[in-house]
């Protein structure tokens, strides 16, 4: 019996003088219990609504995360295909193209090796053919943590060397890839973003390709 029904019946009974004091007290107690049940019901409904809202938020976040992972997987597969056309290039777990410094450049320098020249030529051809699908390209230079020694007269630090290597790749792509220079930019990190305990793995140039939406 609802709180409203109990209350109306109580008021009607009182008005008619049909109940004793004991009966009246019992009706008031029933009314109080009905009121408590009503409050508990409303509280339960409010909690249920909060839980449903949280579940909807978690569902939306999960969908977004799945979409991001699908996008990364698509990028990884696409770039993995590119490496078949670019000997000397690899793909990181994030889907970035990696040019190994020891393959592309002479030791402690931003001058190309013969293999490096061929790799950059292949890279320029692949990126140029995909230029309509590319929104931007960031070229990141990285080194190991060993201090500059033999080429100290040319490079002040590992940061300087990583910048010059990234800039060389940037300049090569500007001149040879048919990519719009405005889509290209560089970053230098020196030894500050290692990807491995192996120094050779850290001497690298990473190519981050941003696809058109």
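Of the residues screened, residue 178 is not one that is in contact with a strand residue (DSSP E or B) (Cβ under 8 Å, 6 or more places away or on another chain), closer than 25 Å to residue 74 by Cβ, in the same structural domain as residue 103 (by TED's automatic domain parsing) and part of a loop (DSSP other than H, G, I, E, B). Restricting 168, 163, 189 to residues that are under 21 Å from the mean Cα position of the chain (by Cα), surrounded by 15 or more Cβ atoms within 10 Å (Cβ to Cβ), modelled with pLDDT of 95 or more and under 21 Å from residue 137 (Cβ atoms) narrows the list to 189. Using the structure shown, decide if residue 37 is out of contact with any helix residue (DSSP H, G or I) (no Cβ under 8 Å at 6 or more places or on another chain) and either modelled with pLDDT under 85 or not in a strand (DSSP E or B) (or both). The answer is no for residue 37.
The values are calculated or read from the model by the stated rules, or taken from the named source; none is laboratory data. Please read these numbers as outputs of a predicted model, since none were measured by experiment. With ideal geometry, Cβ positions are generated from the backbone for all residues, glycine too; neighbour counts draw on all protein chains shown.
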